[in-house]
Amino acid sequence: MPVLTGGLRELPPLSLYVHFPWCIRKCPYCDFNSHEPKNGFDEMAYVDALLRDLEYSLPEVWGRPLTSIFMGGGTPSLFSPQAMDAFLAGVRARMKLHPDAEITMEANPGTFEIERFRGYREAGINRLSIGIQSFNPKHLKALGRIHDGDEAKRAVEIALTHFDNVNLDLMYALPGQTLEEALSDLNTALSYGITHLSAYHLTIEPNTMFAAQTPQNLPDDEVSADMQEAIESCLEAA
Ligand SMILES: C[S@@+](CC[C@H](N)C(=O)[O-])C[C@H]1O[C@@H](n2cnc3c(N)ncnc32)[C@H](O)[C@@H]1O
Ligand code: SF4
């Protein structure tokens with residue numbers, strides 16, 4: 001077998017991150033590159049632009065297989081399954097996609113999105129990452145989320161009928177949240193037997209609505225630290 005530059009026996013594989021920068025409504029804590037589309041957006045024009053962008057990069061990555069794709073946002077689930085199918089077909093036509101590649105899409109748990117989960121699986125997406133944040137309607141409201149607790153639960157249930165590999169995003173140290181409430185969210189999430197869970201401490205990021213008007217009832221540092229330790233113990237046990 002030829003030895004490549006740097007003593008490598010084969011070119012190292014690649015992971016592809018693709019950003020979908022639109023959301024129905026900007027959450028007050030979020031500093032990601034995400035925007036409310038004032039006049040809608042043309043999903044196929046964006047898919048074409050992504051594939052053109054990929055083509056520009058091909059000379060730098062020639063011959064290297066893709067072992068994972070992550071479609072993040074923003075809210076990628078604002079794109080139809082047909083648009084995701086066209087995008088993934090375009091990637092396959094241009095790069096060597098490993099047959100076992102993990103292909104993740106972030107989805108918000110709104111009713112509109114839930115109805116599309118099956119279509120995303122059929123388009124070749126094999127891992128769904130759902131932005132639950134909390135199952136508690138009081139905290140979802142404080143975070144400015146557009147889904148409620150029932151939609152969050154329904155989203156997980158429907159996702160698990162189509163996907164073996166599901167991640168849930170939770171947030172903790174939320175306005176007015178107690179340790180018991182944070183653990184209740186965690187236990188609800190774990191009760192579904194999902195394959196991965198991300199638990200994020202709410203961060204007040206510069207240039208967000210929460211930075212301009214920080215909620216007065218955030219848990220203090222001691223309570224937040226207790227939450228983090230309790231969450232870690234629960235996750236280790238699970
Ligand atoms: C960029 S978001 C994309 C997911 C999707 N748009 C959603 O919100 O459901 C990825 C995750 O980052 C976390 N996140 C975003 N802003 C955060 C903040 N200020 N503090 C802590 N976690 C945050 C949330 O858990 C969110 O699900
Ligand atoms: S839906 Fe997600 S990406 Fe969009 S504004 Fe809210 S947290 Fe940010």
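Below are the figures for this structure:
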item: Rounded FRET efficiency, nearest 0.05, which uses the C-beta distance separating Ser191 from Gln82 and R0 of 35 Å; result: 0.55
item: Spin-label pair Ile146/Ser15, simplified geometry with 7 Å Cα→Cβ offset, distance in nm; result: 2.9
item: Rel. contact order, % - alpha carbon contacts under 8 angstrom, at least six apart, the chain; result: 18
item: Spatially proximal lysines relative to Lys141 (Cα-Cα < 30 Å; intrachain offsets below 8 disregarded); result: Lys26, Lys38, Lys153
item: Inter-label distance for Glu36 and Asp53, nm, one decimal - labels placed 7 Å from Cα along Cα-to-Cβ; result: 2.4
item: Stokes-Einstein diffusion coefficient of segment 13-237, Kirkwood radius over Cα pairs, 4 °C, 1.567 mPa s, in µm²/s; result: 69
item: Integer Hz, Karplus 6.51/-1.76/1.60 couplings in order for segment 60-65, x for Gly and Pro; result: 7, 10, 3, x, 8, x
item: Relative contact order %, segment 77-194, counting alpha carbon pairs below 8 Å whose residues are six or more apart; result: 25
item: Cysteines not pairable in the chain (beta carbon separation under 4.7 Å absent); result: Cys23, Cys234
item: Relative packing of 52-62, 107-117, which averages over residues the other C-beta atoms within 10 Å, highest first; result: 107-117, 52-62
item: 0 to 90° range, to nearest 10: angle between helix 149-162 axis and the chain longest Cα axis; result: 30
item: Between segment 42-113 and segment 18-33, the alpha-carbon center distance in angstrom; result: 18
item: All Cα pairs of segment 171-238, percent lying beyond 18 Å; result: 40
item: Gained length - Val61 relative to Arg154, 0.36 nm times residue gap less alpha-carbon distance; result: 29.4 nm
item: Protection proxy ranking of 84-96, 126-138, 207-219 - average other beta-carbon atoms within 10 Å, highest first; result: 126-138, 84-96, 207-219
item: Segment Glu232-Lys26, extension gain: residue separation times 0.36 nm, minus the distance between their alpha carbons; result: 71.2 nm
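Every read-out reported here was derived from the displayed coordinates using simple, explicitly stated rules and does not represent laboratory data. Predicted model only: the values in this text are computed from it and were never measured. Cβ sites come from the backbone with ideal geometry, for glycine too, and all protein chains shown count toward neighbours.
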